[in-house]
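Let me begin by presenting the structure, written as structure tokens, before commenting on it.
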Amino acid sequence: MSQNLVIGVVGVGYVGLVSAACFAELGYTVVCRDIVPEKVADLEAGRIPIYEPGLADLVKRNAQRLSFTTDIRDVTERASIIFVCVNTPPMYSGDADLSRVEQVIDELPSDTGEVVLAMKSTVPVGTGERMQALLDARGLGHVRYVSNPEFLKEGDAIADFMSPDRIVIGGSDEVAIERMAQLHAPLESTIVRTDVATAEMIKAASNAFLATKISIINEIANVS
Ligand SMILES: NC(=O)c1ccc[n+]([C@@H]2O[C@H](COP(=O)([O-])OP(=O)(O)OC[C@H]3O[C@@H](n4cnc5c(N)ncnc54)[C@H](O)[C@@H]3O)[C@@H](O)[C@H]2O)c1
């Protein structure tokens, strides 16, 4: 895929900033949007609001390919693939709070084109169907929704992004899946092409497996 491609990242927290910096390192131009003006101002001034080994250097090295904004239009008017990386914190019930993800759909301008909208935020199974319904209700049915769960871990995030065990792309739109596969081709990793719900389930199963591993080793530690 052409390195002239412009990528959008919505939500420049941990996942968003690491992804943006790594895509810029691959040669893509990345427009990042966050709703916190102070964070955007810091990033524009080269100040990195989180600590992740190697991230500050990566952002600095790729500064000319990275830009930061609070205006969603800067993203939708330039990017052809937009990653949603907003937070989905657990609510009191334990369910994920999807209000920020839904807000992103609400905020898409009504003249948004045929972009690929890639969900990197961790969302429960069935969210994609709900997002598609929200897009349809807004007259944005032409937006190509895909699920692209993120598996990076803090502390090793750049290496995890650059050398992933697998890249999961879930969607029903072949054009969108192909664009996503081409985008990630420089990473030379296994690409799992599937439907949206299966991609969401892969992330849920992966998180459950990691939690199980932590639980069992804690039990072993207690017994020891
Ligand atoms: N941190 C991790 O290690 C990790 C790993 C895998 C997956 N995830 C998942 O990725 C998602 C993001 O996690 P994170 O740790 O990067 O969260 P974070 O809290 O660090 O960052 C989220 C960012 O989104 C911004 N935001 C909220 N609403 C917005 C909107 N409408 N438009 C633009 N920006 C908006 C916030 O201001 C914040 O900067 C979550 O769903 C999380 O579960 C996180």
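Here's how it looks for Met119: its modeled amide H is under 5 Å from those of Val84, Val146, Ser147, Asn148, which are all 5 or more places away or on a different chain. Within the straight-line cut-off of under 15 Å between alpha carbons, the aspartates and glutamates reachable from Lys153 are Glu52, Asp165, sequence neighbours fewer than 8 places apart in one chain being disregarded. Listed by chain and number, the lysines placed with their C-alpha closer than 20 angstrom to that of Lys60 are Lys39; residues fewer than eight positions away on the same chain are left out.
Could you tell me what percent of the accessible area of the chain is made up of carbon and sulfur, with a 1.4 Å probe and every protein chain present?
Numbers: 5720 of 10840 Å².
Of all accessible area on the chain, carbon and sulfur atoms account for 53 percent.
In terms of its C-alpha gyration tensor, the chain comes out rounded, because the ratio a/c of the largest to the smallest axis stays below 1.5.
Each peptide in 152-165, 13-26, 195-208 receives the mean, over its residues, of other Cβ atoms within 10 Å, and ordering these scores from highest gives 13-26, 195-208, 152-165. Hydrophobic long helices, here whole DSSP H runs in the chain with Kyte-Doolittle means of at least -1.0 and Cα atoms spread over 27 Å or more along the helix axis, are found at 196-223. A 1.4 Å probe run over the protein chains yields, for the stretch 6-223, 47 Å² of accessible area per residue, whole-number rounding.
Indicate the gyration tensor shape class of the stretch 121-224 (rounded, prolate or oblate), computed on the Cα atoms with a ≥ b ≥ c the square roots of the eigenvalues: a/c under 1.5 is rounded; otherwise a/b larger than b/c is prolate and the rest oblate. Taking the square roots of the gyration eigenvalues as a ≥ b ≥ c, the stretch 121-224 is oblate. Less than 15 Å Cβ to Cβ from Arg138, Lys/Arg counted +1 and Asp/Glu -1: what total charge do the surrounding residues give? So the surrounding residues net to -4.
For Ile216 and Ala41, FRET efficiency with R0 = 35 Å and r from the beta-carbon atoms, rounded to 0.05? Could the numbers behind the result be given before it?
On the way: r = 45 Å, r/R0 = 1.28.
Rounded to the nearest 0.05, the efficiency is 0.20.
Across all Cα pairs in the stretch 41-101, the calculated P(r) in 10 Å bins from zero up to the longest distance comes to 17, 35, 35, 12, 0 percent per bin.
The values are calculated or read from the model by the stated rules, or taken from the named source; none is laboratory data. On a predicted model such as this, the values are computed, not experimentally measured, just so you know. Virtual Cβ from ideal backbone geometry, glycine too; neighbours counted across all protein chains shown. In case anyone asks, the SASA skips ligands and DNA or RNA and just uses the protein heavy atoms, side chains included. Shrake-Rupley method; radii C 1.70, N 1.55, O 1.52, S 1.80 Å.
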